[in-house]
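Remarks on the structure that follows.
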Amino acid sequence: MSVTTLAAFLASHGRAGDGVRAAAAQTVLALAAGAIELRRAIDTQTSATGFARKQGSLNGDGDAQRGLDLHADEIFLAAARQAPVAIYGSEELPSPVRLAQDAPLALAIDPLDGSSNIDCNLSIGTIFSLLPATGVPGSDPAAAFLQPGSTQLGAGFFVYGPQLTLALTLGDGTHGFVYSPSAGTFIAAQSDFTIVSETKEFAINASNYRHWDEPVRLYIDDCLTGAEGPRRKAFNMRWIASLVAEAWRILVRGGVFLYPGDGRSGYRRGRLRLVYEANPIAMLIEQAGGSATDTVGRILEITPDNLHQRVPLVFGSAEEVSRIARYHTDPGGMADRSPLFGNRSLFRA
């Protein structure tokens with residue numbers, strides 16, 4: 001049986017359009033090579049080199065860095081230097097790095113998503129966004145990242161889990177690839193993901209229940225009441241604390257993911273980063289028929305004000321994402337839940 005390699009898939013994409021499409025394809029290949037290098041480091045060096053330990057340094061937005069965070073950033077910055085990338089913006093760096101001045105692309109990247117999972121041997125990943133390199137040469141390179149996610153030329157993420165996988169969109173659907181050690185390359189595993197519109201599964205960190213705004217608590221309460229409640233069906237919950245693993249699961253079998261803003265200090269505007277986390281995930285999800293919002297508005301319509309801007313994020317099966325928005329805008333107008341609007345679940349005081 002014939003297989004399609006990532007290189008063959010990207011070659012077809014590059015031939016289908018202008019030089020920017022070819023540049024995007026070339027950059028994805030460079031990032032894929034970096035992901036393979038990082039996977040080898042994860043498999044063979046983590047314990048020996050202390051990659052799981054915090055380094056005493058902070059990333060571009062003030063979070064503690066682990067050794068593997070820094071190593072991943074070094075790998076992908078080197079990969080970007082080998083690709084047609086003009087500007088490299090990373091979670092691990094306070095400011096973007098200017099690379100090839102005449103290149104057509106800006107690369108926004110979270111080199112290592114879910115790094116708190118390193119020492120627990122749980123799935124971690126890399127998330128990236130490809131944008132047109134805008135702005136005047138010599139101007140502030142950060143300006144290239146202050147454009148809405150709808151302008152993205154492509155997006156993807158790698159998952160370093162039981163398998164090394166890649167979810168990728170270049171604007172023509174969302175596709176899945178799996179790394180084959182025997183072939184030494186990524187092989188197509190899913191030609192076109194399609195997220196089911198309805199679901200019985202949600203992902204949220206329930207330990208933050210007491211901090212959530214009322215609409216989020218009401219939504220989760222209604223899910224937890226099961227078939228006896230207004231939803232009239234039993235829900236399942238998942239929480240991996242790895243954005244890429246959650247997104248891959250939703251691409252495969254549907255579901256909804258919630259990371260809302262909440263009442264804790266520093267969490268009101270959400271915790272996930274708009275430019276290199278929410279935007280690429282939103283593009284991948286929308287290209288697979290799903291939806292992604294900041295609980296109410298479409299993620300891809302937000303214009304960032306800085307590279308490290310945070311945002312609430314809800315994504316997954318379109319009908320469920322739309323329903324969550326209605327809990328925020330018009331909960332009293334939802335006929336199926338109005339009679340139980342005042343009910344309180346076991347989670348509520």
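Rule-based calculations on the coordinates, nothing more; no lab input. The model shown is predicted, which means the values in this text are computed figures rather than measured ones. When we count neighbours, we look across all protein chains shown, and the Cβ atoms used for this are built from the backbone with ideal geometry, even at glycine.
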With r defined as the distance between the Cβ atoms of residue 198 and residue 95 and R0 fixed at 56 Å, what FRET efficiency is calculated, to the nearest 0.05?
-> 0.85
Which values, in whole Å and largest first, are the semi-axes of the equivalent ellipsoid of region 191-239 obtained as the square root of 5 times each eigenvalue of the Cα gyration tensor?
-> 22, 16, 9
Summing +1 for each Lys or Arg and -1 for each Asp or Glu, what net charge is found among the other residues whose Cβ lies under 13 Å from the Cβ of residue 301?
-> -1
Over region 65-137, one equal point on each Cα, no solvent: what is log10 I(q)/I(0) by the Debye formula at q = 0.12, 0.24 Å⁻¹?
-> -0.34, -1.03
Quick one: Debye curve from the C-alpha atoms of the chain, no solvent, what's log10 I(q)/I(0) at q = 0.12, 0.13, 0.15 Å⁻¹?
-> -0.85, -0.99, -1.28
Degrees separating the helix 243-253 axis from the principal Cα axis of the chain, which is the longest one = 70 degrees
Mind pulling the angle between the C-alpha long axis of helix 318-329 and the longest principal axis of the chain? Nearest 10 degrees, somewhere in 0 to 90.
-> 60 degrees
Return the whole-Å distance between the Cα centroid of region 66-87 and the Cα centroid of region 90-117.
-> 7 Å
Semi-axis lengths (Å, descending) of the ellipsoid that matches the C-alpha gyration tensor of region 211-257 = 22, 15, 7
In region 161-237, what trypsin sites (Lys or Arg not before Pro) fall in a loop by DSSP, with at most 14 other Cβ atoms inside 10 Å?
-> 232, 233
Cα-based Rg and Dmax for region 195-349, in Å, come out at 14.8, 45
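Quick check: from the Cα gyration tensor, does region 154-198 come out rounded (a/c under 1.5), prolate or oblate? Before the final figure, lay out each step's value.
Details: a/c = 2.07, a/b = 1.73, b/c = 1.20.
Since a/c reaches 1.5 and a/b is larger than b/c, the shape of region 154-198 is classed as prolate.
Compute the Cα gyration tensor for region 282-323, then decide on rounded, prolate or oblate, letting a ≥ b ≥ c be the square roots of its eigenvalues: rounded whenever a/c is under 1.5, prolate when a/b is larger than b/c in the other cases, and oblate in all that remain.
Values: a/c = 2.65, a/b = 1.76, b/c = 1.51.
Prolate is the answer for region 282-323, as a/c is 1.5 or above and a/b outweighs b/c.
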Between residue 265 and residue 11, with labels modelled 7 Å along Cα→Cβ, what's the label distance in nm to one decimal, could you check?
-> 5.7 nm
Any residue on another chain or 5+ positions along whose placed amide H is under 5 Å from the amide H of residue 203 is listed here as 238, 256, 257, 258
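Counting other Cβ atoms within 10 Å, keep those with at most 13, restrict to DSSP loop, and tell me which GluC sites (Glu not before Pro) in region 177-270 are left.
Working: sites: 198, 201, 228, 246; in loops: 198.
Answer in residue order: 198.
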